[in-house]
Amino acid sequence: MWSRSYGTVTAMARVDDEVAPVNGGATGASDTEVQDGGQAGAGQIIRRNFSDTVLSSVATLGRALRIGATASYIGTADAFRGRFQVHETLTQAWFLIRVTAIPSILMAIPFGVIVSAQVGNIVSELGADSMIGAAGGLGVIKQGAPMATAMLLGGAGAAAIAADLGARTVREEVDALRVMGIDPVQRLVVPRIAAMMLVAPLLNILIIFIGVGSGFLVAVSALNVTPGSYWQSFGAFTTSIDVWVSLVKSLMFGFLVVVIACQRGLEAKGGPRGVADGVNAAVVMSIAAAVVLNTVITQVVTMFFPVRMA
């Protein structure tokens, strides 16, 4: 009985020894296939997630622009009919001024100082100290002030608007307005867009004055540039077109910021967590959209209005 069992075990061991290399080879092949399949699957997941993110962002921007177009039409019609919400618009404008005025000053001063200092070091090596005014002025007016306006309105203004409308949405106040026959876009969005259109150019002008002024002080006190040469070069290269382009940029950035913030606020859901997500998305998307739009506008303006002496 023992020999029979021993023979059976020996036979099974021989069978295992013969099968093991085959199984080992099959296992090795399957591991390689699994690894290749895993890499391919990971690549597909990354591509799919990237595509979904891009499509979602484009769809969100499209809905925001649709809200902006609807609000613009309603606001224009209300203005002609004498039913425009002037008091609410001024209230929202004053709120935006309060949350962005001091940060704009704090941002404009170092920006003007940095531009003048960096440009001054370069032009000093070339022996063209008098060009600091032109370089600093153009840098602040054409790029610095509009982008600073966009970042301030996107960081402070968009966050406040998205939080306000998001809280109203999750508390079902927006649904209550619809039940009462009141259009939420007319009641909530139109005054905020009008307020942003008022505040954006004012903020842009404030940043221009403070940025150019701080750059002038640095150039005169630290770089030994005479005030006359600074303002002469500034006036020689800075034209009214540059100022108007800067103001138009600020208006377009403000419009993008407010419609994205309103769209994210009105579509908030899921309680306080949804409001926080809406605020975060409003800030990120508004600033990113402003940067892309600034690139497009800069290229178009450079083609049709190149820098030249006034």
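FYI, it's all coordinate maths here, none of it is from the lab. Keep in mind that this is a model prediction, so the values were computed, not measured. Counting neighbours? That spans all protein chains shown, and the Cβs are built from the backbone with ideal geometry, glycine included.
Remarks
- Whole-Å distance, taken between Cα centres, linking the stretch 238-310 and the stretch 61-95: 18
- Euclidean distance between Cα centres, the stretch 121-145 to the stretch 147-219, Å: 32
- Cleavage-rule hits (trypsin sites (Lys or Arg not before Pro)) in the stretch 117-184: DSSP loop, at most 12 neighbouring Cβ within 10 angstrom: ARG171
- Per-residue ³J(HN,Hα) for the stretch 176-189, Karplus 6.51 cos²θ - 1.76 cosθ + 1.60, θ = phi - 60°, Hz, x for Gly and Pro: 5, 4, 5, 4, 7, x, 9, 6, x, 5, 5, 7, 10, 7
- log10 of Debye I(q)/I(0), alpha-carbon scatterers only, for the stretch 68-304 at 0.08, 0.11 Å⁻¹: -0.36, -0.62
- Per-peptide average of other Cβ atoms within 10 Å, ordering 123-131, 192-200 highest first: 192-200, 123-131
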